[in-house]
Amino acid sequence: MTDQVLAAIDGSQFSEDVCDYAAWASLAMDAPLTFVHVVDNHSGVPEEQNLSGNLRFGARERLMKELSELDEQRAKVNREQGKLMLEAAKERAIEDGVSDPATRQRNGTLVESLLELEKDIRLLVVGKRGETAHQASGHLGSNLERVVRELHRPILMVPKAFKRPEKILMAFDGSKTARKGVEMLAGSPLFAGTECHVLIVGAETAERRSELEWALTALREAGHQAEGVIRAGEVDEALQAYEKEHSIDLLVMGAYGHSRIRHLLVGSTTTAMLRGSRIPVLILR
């Protein structure tokens with residue numbers, strides 16, 4: 001199956017919202033929807049202590065056997081829990097209007113599993129935090145950071161509480177990646193009928209005014225209501241301030257490069273931006 005919306009779910013509080021955003025994307029793009037659950041039997045397991053040296057040979061053998069049986073039991077429980085999650089996600093997507101969502105369960109790590117499925121992904125939908133991440137509101141799971149860095153597909157990171165996007169903000173820097181992002185926004189059925197905003201962060205120059213005008217023209221010619229500004233300051237602060245001022249529902253950013261905006265997805269500022277966002281973030285590659 002190619003060009004599918006793939007939604008990664010686990011037992012976290014974000015799973016229901018991942019389902020809703022994935023269903024919305026699937027219907028808007030007329031693309032198949034697949035839910036995937038990855039069974040990682042080594043995640044969240046405390047570091048093992050080697051106590052066997054303090055045991056006699058027979059006792060050590062019995063201990064190793066018991067530990068092996070416990071591992072097998074835990075793996076079985078994890079698989080069964082995952083199957084229940086997938087079934088619940090499928091039912092929720094059907095309630096949302098998706099006719100025939102698929103489910104897949106895989107063993108391994110989340111990042112490795114997604115990389116194996118990458119060629120079939122049109123859009124990946126993930127929650128802001130995973131099941132094993134700390135529940136503090138500012139925490140961002142390391143799995144998500146690795147997925148953003150390693151997967152070369154659009155990634156929609158969603159917070160709690162689904163809201164159909166009506167106002168979209170594009171973080172724009174005039175680069176080739178950002179221009180491709182504007183063209184994608186302009187032509188994508190995912191954003192049909194949405195109000196589009198464009199923000200360039202930096203000193204106002206003739207070059208940046210020209211770049212902004214290009215982006216707004218591309219969006220307007222595609223039928224969008226579009227507006228945009230150039231603002232000085234730090235990128236993450238400027239984006240968050242604009243989001244609040246204009247009640248933005250979804251932020252679109254390009255990944256990697258040399259500009260200050262794209263460097264958000266290279267260093268610690270990335271984590272700060274994603275941690276602080278209370279709206280979905282679509283990351284383009």
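The values are calculated or read from the model by the stated rules, or taken from the named source; none is laboratory data. What you see is a predicted model; the values in this text were computed from it and never measured. Positions of Cβ are generated from backbone atoms using ideal geometry, with glycine treated the same way; all protein chains shown enter the neighbour counts. Protein only, heavy atoms only, side chains kept; ligands, DNA and RNA dropped before computing areas. Shrake-Rupley method; radii C 1.70, N 1.55, O 1.52, S 1.80 Å.
Among the residues of the stretch 184-201, those identified as open to solvent by less than 20 Å² (accessible area, probe 1.4 Å) and in a strand (DSSP E or B) are 196, 197, 198, 199, 200, 201. Within the stretch 230-255, residues that are more than 17 Å from residue 282 (Cβ to Cβ) have Cβ atoms under 6 Å from residues that are in a loop (DSSP other than H, G, I, E, B) and open to solvent by 10 Å² or more (accessible area, probe 1.4 Å) in these pairs: 230/204; 232/203, counting only partners at least 6 apart in sequence or on another chain. When 237, 204, 211 are checked against the criterion of being open to solvent by 60 Å² or more (accessible area, probe 1.4 Å), more than 24 Å from residue 163 (Cα to Cα) and either modelled with pLDDT under 95 or over 26 Å from the mean Cα position of the chain (by Cα) (or both), 204 stands alone in meeting it.
Within the stretch 240-258, being open to solvent by 30 Å² or more (accessible area, probe 1.4 Å) and either modelled with pLDDT of 85 or more or at negative phi (or both) holds for 240, 241, 244, 245, 246, 247, 258.
One line per residue, one yes/no per condition, for (1) outside the structural domain of residue 191 (by the TED database); (2) modelled with pLDDT of 70 or more; (3) part of a helix (DSSP H, G or I); (4) surrounded by 15 or more Cβ atoms within 10 Å (Cβ to Cβ):
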position: 21; (1), (2), (3), (4): yes, yes, yes, yes
position: 28; (1), (2), (3), (4): yes, yes, yes, yes
position: 37; (1), (2), (3), (4): yes, yes, no, yes
position: 47; (1), (2), (3), (4): yes, no, no, no
position: 59; (1), (2), (3), (4): yes, yes, yes, no
position: 62; (1), (2), (3), (4): yes, yes, yes, no
